[in-house]
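See structure below.
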Amino acid sequence: MCHLAGLTKVRDSRTNPVDYWRTNVSGTLAILQGLAGAHAGRVVLASTCAVYGAQAGQPISETAPVAPRSPYASSKLAADQAAADLATTGAIGAISLRAFNVAGALPGHIDRDTTRLVPRLLAVQQGQAPELVINGDGSAVRDFVHVTDMATAFSLALHACQPGTWRAYNVGSGHPSTVHDVITTTETVTGQPVPRRHTTAADEPATLLADSTRIRSELGWRPQKSALPEIIADAWCALTSE
């Protein structure tokens, strides 16, 4: 089983922490309980790089200390730990995929969550919002991975999952992109400028960059479509071809 259900908004989680713990932890516990009764079920959890918090050392490997800075991140880490604890009993096999910034699209499968940077940018370019509001100076660094590469990671992980074991894998391209990089790439892809204004920086890590050595070496995963221009182009094409 691939478990992707959950609440995912960092800022919203600070306002509604109980909702995040109820959904992300209690929901995962219900799934784990069902799998345990199925005798050595397998589960791949959609986890997050947010469990690492702000790390001085970049890129971040799976051996980095976890330091969640929001109820969202804390709840996802708790779900990871619950899966790990159950796996040690031999009842299940579990893998947690710690996704970095997933973006891109396929025709008919479009991310419309405008709390995320790429969908928000493209909504501005389509005239659905007057401008892009940038938290801070636009220098924050993120690691973008194409949704199809993320799907491949899930497939590989599900096949590799073994009863009695739990493993965490970072899933990211390893390529740093600032907010300004994403904006300029979007302008190139869409052929039009992005109206923008700056506001106060959010309380979020300045840099989140994946060290994906483990998933590359153990599962043979390689990002095929995670160059930033391709991510933006695929998302824009999917939107404009509707």
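The values are calculated or read from the model by the stated rules, or taken from the named source; none is laboratory data. Source: prediction; values computed, not measured. Glycine also receives a Cβ, built like all others from the backbone with ideal geometry; neighbour counts cover every protein chain displayed.
For Val182, indicate whether it is closer than 23 Å to Ile110 by Cα, assigned to a strand (DSSP E or B), at pLDDT 95 or above and within 21 Å of the chain's Cα centre (by Cα).
no
If we keep just the residues of region 206-221 that are more than 17 Å from Asp181 (Cα to Cα) and part of a loop (DSSP other than H, G, I, E, B), which is farthest from the chain's Cα centre (by Cα)? It would help to see each step written out before you state the result.
Going residue by residue through region 206-221, those that are more than 17 Å from Asp181 (Cα to Cα) are 210-221.
Now drop any that are not part of a loop (DSSP other than H, G, I, E, B), which leaves 211-212, 220-221.
Numbers: Asp211: 14, Ser212: 13, Gly220: 20, Trp221: 16 Å.
Ranking the qualifying residues of region 206-221, first place goes to Gly220.
Quick one: what pairs do we get from region 30-56, first residue surrounded by fewer than 18 Cβ atoms within 10 Å (Cβ to Cβ), second acidic (Asp, Glu), C-beta under 9 Å, 6+ apart or different chains?
Pairs that qualify, where the first residue is surrounded by fewer than 18 Cβ atoms within 10 Å (Cβ to Cβ) and the partner is acidic (Asp, Glu), are Ala54/Glu204.
Could you please find all residues in region 69-127 being assigned to a strand (DSSP E or B), exposed (fewer than 15 other Cβ atoms within 10 Å of the Cβ) and either without any contact (Cβ under 8 Å) to a residue 12 or more places away in the chain or not hydrophobic (A, V, I, L, M, F, W, C) (or both)?
His109, the sole residue that qualifies.
Going through Gln224, Gln162 one at a time, which residue ends up being of a type in the set (S, T, N, Q), in a loop (DSSP other than H, G, I, E, B), touching a Gly at 6+ places or on another chain (Cβ under 9 Å) and surrounded by fewer than 18 Cβ atoms within 10 Å (Cβ to Cβ)?
Exactly one of Gln224, Gln162 is of a type in the set (S, T, N, Q), in a loop (DSSP other than H, G, I, E, B), touching a Gly at 6+ places or on another chain (Cβ under 9 Å) and surrounded by fewer than 18 Cβ atoms within 10 Å (Cβ to Cβ), namely Gln162.
Taking the condition farther than 28 Å from Pro107 by Cβ, among the hydrophobic types (A, V, I, L, M, F, W, C) and modelled with pLDDT of 95 or more, does Ala160 pass?
Yes, satisfied.
Would you check which residues across region 23-43 are farther than 11 Å from Ala87 by Cα and assigned to a helix (DSSP H, G or I) and list them?
Correct list: Thr23, Asn24, Val25, Ser26, Gly27, Thr28, Leu29, Ala30, Ile31, Gln33, Gly34.
Which residues, counting only those in region 188-212, are more than 30 Å from Pro71 (Cβ to Cβ) and exposed (fewer than 15 other Cβ atoms within 10 Å of the Cβ)?
Hits for region 188-212 are Thr188, Gly191, Gln192, Pro193, Pro195.
Out of Asp143, Asp149, which single residue is closer than 19 Å to Arg116 by Cα, charged (D, E, K, R) and in a helix (DSSP H, G or I)?
Criteria check complete, one pass: Asp149.
I'd like the full set of residues that are among the small types (Gly, Ala, Ser) and under 19 Å from the mean Cα position of the chain (by Cα), limited to region 5-62.
Once the filter is applied, which keeps residues that are among the small types (Gly, Ala, Ser) and under 19 Å from the mean Cα position of the chain (by Cα), region 5-62 yields Ala5, Gly6, Ser13, Gly27, Ala46, Ser47, Ala50, Gly53, Ala54, Ser61.
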